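I have placed the structure first, in the form of structure tokens, so that the comments after it can refer back to it.
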Amino acid sequence: MKNILLLGATGSIGQSVLSVIDQNKDLLNLYAITLDKNISKAEEISKIFSPDYIYINCEKSFSKFNTESKNKAITINGSSDLSNLIFDDNIDIIISAVSGFAGLEATAIAAKTGKTILLANKESIVTAGEIILSSAASSGTTIIPIDSEHNAIFQCLAGEKSTNDVSKIIITASGGPFLDKKLDELKNVTKEEALKHPNWSMGSKISIDSATLVNKCLELIEAKYLFDLDEKFFELVVHPQSIIHSIVTYRDGSSICQMSNPDMRVPIAHALSNERRLNINFNEINFSGLNLSFNDFPEDRKKLENIAREVCNKGHSSGIILNAANEVAVDSFLHDEISFSQIYDVIYRTFDTTPMSNINDIESIYEKDIESRMEAKKVVKSIS
Ligand code: NAD
Ligand code: MG
């Protein structure tokens, strides 16, 4: 039996993880969960899975949590409780599924534990890739990606001795809800249209990132760190059906891909499996009549891709600036302060104006994040 700590249990990835655990109760135990505010969902989870600990990040929600519905769980709150929980010896697997930069705190601690991390929170790698991977290497922490593209690459590399024989890795992108639209046709799209992803059902931040294609750019940076390869190895390709999640091409001409219908339980189940594959109830691909297509990453979003490549090459504060600019821009769009296409303006201008600096510890990441958010908010104010 493996004991699981699920960070961000009430979110979209959290729900997919719970579904996999529910179908494999003889192998997997939900030992503890964390969440921000959604206490009614936490009560539901507690009734079904009886976790030992529930960490509630938001102080107000923590004090409102109904103790009668918490089952046997001990409810906790505050940074030291979170750190003690992550280091709890009973935990085997930590699933990092908080949304955005807020996921960094717990992921950075988890990287020091020597346990196994299943990583969905790409923002922690974009902002702190060097620090997290070096902590993981020195503590013996294993990181298994559950972002579908990275899990696909991980599966395509299985059995290879190293990445020395890889000639190219294609990261596929669905293209999001505005697949057929040029950037200059996106000025007046609404929140509702932007949040409606054709293939995946996800949290609001990543849904907007998929619509802008920022998600793919964050994934390029995530891949560079997780697989320790130069950005030049990675190509971004639009694949509207979201059936092939990524492709690894080797120098002998073989290309290996991983396929499934778009369902996050597939990469999660893979990452949770131990020697044998887990059983989950999902829709298998119907191959007869299946048409797959691939297109170049759109030319009018190349500037975004180039920024992501620059982040891969420069490291240090560049990923923090890109991530903060994007989070401020997405939040401003969701609060009707800027239009959809102005998200790009906020990112480009913040990235241009915020000075780069060397980053050697987590504290300086937080400082740079605050500075970059202030710069991004100035841009929002100047254009809204
Ligand atoms: P979501 O918004 O649906 O859920 C976020 C979860 O994080 C919620 O449980 C929320 O309560 C919790 N949370 C927020 N701040 C917190 C804090 N400070 N402490 C503890 N918990 C906190 O987000 P999501 O769509 O599930 O995405 C989660 C992460 O997974 C993101 O980094 C996203 O990029 C990545 N991801 C998501 C998908 C997907 O299909 N949804 C796919 C690939 C990668
Ligand atoms: Mg992805």
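The values are calculated or read from the model by the stated rules, or taken from the named source; none is laboratory data. The structure displayed is predicted, hence computed values, not measured ones. Methodologically, a virtual Cβ is constructed for each residue, glycine included, from the backbone with ideal geometry; neighbour enumeration extends over all protein chains shown. When the accessible area is computed, the model is the full protein with side chains, heavy atoms only, and any ligands, DNA or RNA have been set aside. Shrake-Rupley method; radii C 1.70, N 1.55, O 1.52, S 1.80 Å.
For the range 294-384, the list of trypsin sites (Lys or Arg not before Pro) that fall in a loop by DSSP and count at most 10 other C-beta atoms within 10 angstrom is empty.
Note on surface exposure: Y53, Y344, Y225 rank Y53, Y225, Y344 by accessible area, highest first, 1.4 Å probe.
In this view, the solvent-accessible surface of D81, computed with a 1.4 Å probe and all protein chains in place, comes to about 50 Å². Counting only heavy atoms of the protein chains and using a 1.4 Å probe, H335 has close to 110 Å² of accessible surface. For the range 172-188, the residues whose amide N sits under 16 Å from a probe point set 7 Å from the Cα of W200 along the beta carbon direction are 172-179.
Average 1/r across all pairs of distinct alpha carbons in the chain, invert it, and you get the Kirkwood radius: 21.4 Å. Residues T163, T142, T172, sorted by accessible area with the largest first, give T142, T163, T172 [1.4 Å probe; ligands and nucleic acids excluded].
In terms of distances greater than 32 angstrom between alpha carbons, the cross-link table entries K115/K303; K37/K112; K112/K216; K181/K232; K37/K302; K64/K224 yield K115/K303; K37/K302; K64/K224.
Take every DSSP beta bridge with both residues inside the chain and express the antiparallel ones as a percent of the total, to the nearest 5. Percent antiparallel among DSSP bridges in the chain is about 30. When shorter helices are ignored and each DSSP H run of at least 4 residues is given -39500 (n - 2.57), the per-residue value for the chain at 222 nm works out to -13500 deg cm²/dmol. Normalising the average separation of contacting C-alpha pairs (under 8 angstrom, six or more residues apart) by the number of residues puts the relative contact order of the chain at 15 percent. Of the residues M1, M259, M374, M264, ranked by 1.4 Å probe accessible area with the largest first, the sequence reads M1, M374, M259, M264.
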